[in-house]
Amino acid sequence: QVQLVESGGGLVQPGDSLTLSCSASGRTYALGWFRQTPGKEREFVAAVSRSGARLFYADSMKGRATIDRDNVKNTMTLQMNNLQPEDTAVYYCAANLNDYGLESRTNYIYWGQGTQVTVSS
């Protein structure tokens, strides 16, 4: 069993930056971030392999997000820059047993409760 706890969400203005954190218990898994807005499917944001060597980003996040992990502390972070209103969503941390298929939410077996990010002026 893995427990994932997200933190760092909040209300920011357009153009601001925000860093989300995910604390994980148990084994080392590949980890990912997904986001969801009401009425829409949960969508991929970014992911990192178990070693941290491989990073994956959604096209919407390339160039303005950085994902990182610390396997000693068992944490993962997602720094997002130049946030826009369309980035408003609940952001979820998720764990994947494998290092492949990291962009597909169906490959993740553990999920956190989510943290709200609201981008508004």
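The values are calculated or read from the model by the stated rules, or taken from the named source; none is laboratory data. Keep in mind that what you see is a predicted model, and the values were worked out from it rather than measured. Please note: Cβ atoms are built from the backbone with ideal geometry, for glycine as well, and neighbour counts cover all protein chains shown. The accessibility values were calculated without ligands, DNA or RNA, using every heavy atom of the protein model including side chains. Shrake-Rupley method; radii C 1.70, N 1.55, O 1.52, S 1.80 Å.
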Condition broken by Val72, with the remaining ones in (1) at pLDDT below 95; (2) among the hydrophobic types (A, V, I, L, M, F, W, C); (3) outside any loop (DSSP other than H, G, I, E, B) satisfied: (3)
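Just checking, does the stretch 87-95 include any residue being open to solvent by 20 Å² or more (accessible area, probe 1.4 Å), among the charged types (D, E, K, R) and not in a strand (DSSP E or B)? Write out each step before concluding.
So the first thing to find is which residues in the stretch 87-95 are open to solvent by 20 Å² or more (accessible area, probe 1.4 Å), and the list is 88, 90, 92.
Next, from what is left, pick out any that are among the charged types (D, E, K, R): none.
There is no residue in the stretch 87-95 that is open to solvent by 20 Å² or more (accessible area, probe 1.4 Å), among the charged types (D, E, K, R) and not in a strand (DSSP E or B).
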Applying the selection to the stretch 96-110, what residues are within 15 Å of Val2 (Cα to Cα) and part of a loop (DSSP other than H, G, I, E, B)? Leu97, Asn98, Tyr108, Ile109
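Considering only the stretch 111-121, state which residues are open to solvent by less than 40 Å² (accessible area, probe 1.4 Å) and part of a loop (DSSP other than H, G, I, E, B). Write out each step before concluding.
The first filter runs over the stretch 111-121 and keeps only residues open to solvent by less than 40 Å² (accessible area, probe 1.4 Å), leaving 112, 114-115, 117, 119.
The answer is Gly112, Gly114.
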Counting just the residues of the stretch 71-86 that are open to solvent by less than 10 Å² (accessible area, probe 1.4 Å) and more than 17 Å from Val5 (Cβ to Cβ), which one comes out farthest from the chain's Cα centre (by Cα)? Leu83
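Look at Gln36 and say whether it is over 11 Å from Asn74 (Cα atoms), touching a Lys or Arg at 6+ places or on another chain (Cβ under 6 Å) and either of a type in the set (Phe, Trp, Tyr) or at pLDDT 95 or above (or both).
It is true that Gln36 is over 11 Å from Asn74 (Cα atoms), touching a Lys or Arg at 6+ places or on another chain (Cβ under 6 Å) and either of a type in the set (Phe, Trp, Tyr) or at pLDDT 95 or above (or both).
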Name every residue in the stretch 54-69 that is in a loop (DSSP other than H, G, I, E, B) and surrounded by 15 or more Cβ atoms within 10 Å (Cβ to Cβ), in order of residue number. Ala58, Ser60, Met61, Arg64
Of the residues that make up the stretch 103-110, is at least one open to solvent by less than 40 Å² (accessible area, probe 1.4 Å), within 21 Å of Lys40 (Cα to Cα) and out of contact with any His (no Cβ under 6 Å at 6 or more places or on another chain)? yes
